[in-house]
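One structure is given below, encoded as structure tokens.
The values are calculated or read from the model by the stated rules, or taken from the named source; none is laboratory data. On a predicted model such as this, the values are computed, not experimentally measured, just so you know. Here the Cβ positions follow ideal geometry from the backbone for every residue, glycine too, while neighbour counts run over all protein chains shown. All accessible areas refer to the heavy atoms of the entire protein, side chains included, with ligands and DNA or RNA removed. Shrake-Rupley method; radii C 1.70, N 1.55, O 1.52, S 1.80 Å.
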Amino acid sequence: MKPYIIGLGLLLSTGALTACEKFLDVNNNPNNPVVSTPNFLLPGIISNGIQTQMFTALRTPYITQYVVSRTTNSGGNDQYFFTNAQSTNTFNYSYFQSGGNIPTLQKAAEAEGSVYYIGAGKIMQAMILAHATDMLGDIPYSEAYQGGANFTPKYDPQQQIYATINQLCDEGVVEMSKPASAQVRPFYSTSPSESGDILYKGDASKWVRLAYALKARQAQHLTKKASYDANAVLALCDKAFQSTADDAQINFQTAIAPLSNTTNIFGVTRANFGTATFSSNIVKYLNGTTYPGVIDPRFGILTPTTSQGVDPGRGTTTNFTPGTTNITDFYGSWYARDLGYYEAITYHELKFIEAEAAFLAGNKLRAFNALRAGITAHMRKVGAGGTYTPPTVTFPVILDGQITAYLASAALPQNETALTLRHIMEQKYIAMFLNPDSWSDLRRYDFRKDLYVNLLYPTYTGNTTPPLPLGPNGVDRLFPRRLLPGATEVTVNPNAVAGLYTEAGLTFGSPAADLEYVTKPLWFDRP
């Protein structure tokens, strides 16, 4: 459940795995192989595949208002001024650092009959595609992964990508459901070093549950579609994660000199959020503002109890951790521990998916119970307590009595009759702290103020003009609904990028078109 990012994924690029030209074969170096076995390919695919989401999470928490900039009018962060560079890691990690190695893995695994490696490759491919398409929209797949043979693959429609994700998950489940006797190579090993399945330590059944959890997440994205089937989502939930022990996440380790990229991307060593603080949106849910007198037990864990929250765009010179120098209060968060973990998809998320689907299916009792289970699972996970450095922060333990008291508070319904969609989406928002898929929820519910009551449009002062246009009512401005194409694609594959703009009813090539492009709903976000 808790693999480490050991740098292997950064070395397993597609180029390092391709064969030399024939006239150079005489110079093959036996100490630098041009092919590899599945057990050495899969760790990089897992770590870099999950890191794809992690790098996106350097941007999306500003959009979803978990964090804001401490600098007034920091347009590139919390005021929705987008650039292609902000999307580059999302695209490049999807293809070059992770997805590009999957065909090589599949070929090697098929050649030797290692069925679990085949299944893991398919499920990881599905996870990678799901994240990339939900952030970017149409993306390459049918012509992707050809290296120098095709630098300009076509972009497949998001609707087709969603179908491909389901197919890959189903095919992965078939492979992972085969008996261990069908597996030639050990699926996980610690000798002489960790290799193979670093995600679930060789437990094929957890991969099956991951595939169904991913299918449930993607199916729940389609609530605007006439084809949406809440009961089908519930059936997927039944086959997915059974506890927090199934969570798909990666753990970070101590920095390895001279690099620090083995530590948490949200952590103080890498300092990606050194200019950030917490949004008023999230703090109000925790500190008793949204529900007067109800202090969430996660206050002091998700954010320090000294955090006051800042509205997007306003900036602040306060919110420093006491006793430290130039460290924001962000680093007092459980999720900012240097040796913390990054959650790709979790059991607590699945319970909120179940709660929403059951609510939409009219099964309020199941929705009520799933909501409470999701809150409980998240509180127990982040409420284990402990002291971590740097900086030195001691997190409180959330006791079962505190969970019981919160469930009985005014923040939540006390029976299924009183349950509303707001209860579900509000609690899911809190528990999905920093996860990019929160943006999927905000988009498909159109940033509704009756569901997300603390959501604010950024403030602009001085000569700064709001970048995104006004909505249909002529009063409220539009929120962003997609990232811009990655900078590398704009340079290398401009015709395909231009096609994305054409599909959105725009002409590629101007800043004005870029500003309007990010407001266009993706396929999953449209009826």
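Observations
- Counted residue by residue at 0.36 nm each, then reduced by the alpha carbon distance between them, the extension gain from residue 151 to residue 72 reaches 24.4 nm.
- Counted charge near residue 421, where neighbours are those whose Cβ lies closer than 15 Å (Asp, Glu -1; Lys, Arg +1): +1
- The alpha-carbon of residue 107 sits under 28 angstrom from the alpha-carbons of these lysines, leaving out residues fewer than 8 places away in its chain: 2, 22, 122, 154, 178, 201, 206, 215.
- Comparing 95, 429, 414 along the charge dipole axis of the chain, the residue lying farthest to the positive side is 414, per the Cβ-charge model.
- Split the accessible area of the chain by element, probe 1.4 Å, and carbon with sulfur accounts for 55%.
- Ligands, DNA and RNA aside, residue 237 has an accessible area near 10 Å² when probed at 1.4 Å.
- Label point distance in nm, residue 85-residue 160, each placed 7 Å from Cα along Cα→Cβ: 3.3 nm
- Other residues within the sphere of radius under 9 Å centred on the Cβ of residue 87, judged by their own Cβ, net out at 0 (K and R +1, D and E -1).
- Karplus-based coupling profile of the stretch 184-198, in residue order and whole Hz: 7, 8, x, 6, 8, 8, 10, 10, x, 9, 5, 8, x, 6, 7, with θ = phi - 60° in 6.51 cos²θ - 1.76 cosθ + 1.60 and x standing for Gly or Pro.
- Gain on full stretching of the segment that runs from residue 245 to residue 190 - 0.36 nm per residue minus C-alpha separation: 17.8 nm
- Basic side chains Lys and Arg get +1 at the Cβ, acidic Asp and Glu get -1 at the Cβ, and with that the dipole of the stretch 321-472 about its Cα centre reaches some 220 debye.
- Highest average packing first - 36-44, 174-182, Cβ atoms within 10 Å: 36-44, 174-182
- Two-site FRET efficiency, residue 450 against residue 384, from Cβ-Cβ distance with R₀ of 35 Å, rounded to 0.05: 0.55
- Considering only 442, 289, 466, the residue lying farthest towards the positive end of the dipole of the chain is 289, judged by Cα position with unit charges set on Cβ.
- In the full protein context, the chain carries 38 Å² of accessible surface per residue, based on a 1.4 Å probe and ignoring ligands, DNA and RNA.
- Computed accessible area, residue 331, all protein chains, 1.4 angstrom probe, square angstrom: 10 Å²
- Legend: residues 70, 477, 59, sorted from most to least accessible area (1.4 Å probe; ligands, DNA and RNA excluded), read 477, 70, 59.
- Helix-only arithmetic for the chain: the sum of -39500 (n - 2.57) across DSSP H runs with n ≥ 4, divided by the residue total, places the mean residue ellipticity at 222 nm at -12000 deg cm²/dmol.
- Placing 87, 227, 193 in order of accessible area, with the largest value first and a 1.4 Å probe, yields 227, 193, 87.
- In this simple spin-label model, placing a label point 7 Å from the Cα along the Cα-to-Cβ direction at both residue 275 and residue 491 gives a separation of 2.2 nm.
- Nearest-20 debye value, the chain charge dipole, Cβ charges on Lys, Arg, Asp, Glu: 740 debye
- For residue 364, a cut-off of 17 angstrom between C-alpha atoms picks up these aspartates and glutamates, skipping any fewer than 8 places away in its own chain: 229, 238, 354, 356, 416, 426.
- In this rough spin-label picture, where each label sits 7 Å from Cα along the Cβ direction, the residue 407-residue 306 distance is 3.4 nm.
- Additional length obtainable on full extension of the chain from residue 177 to residue 473, 0.36 nm per residue less Cα span: 101.3 nm
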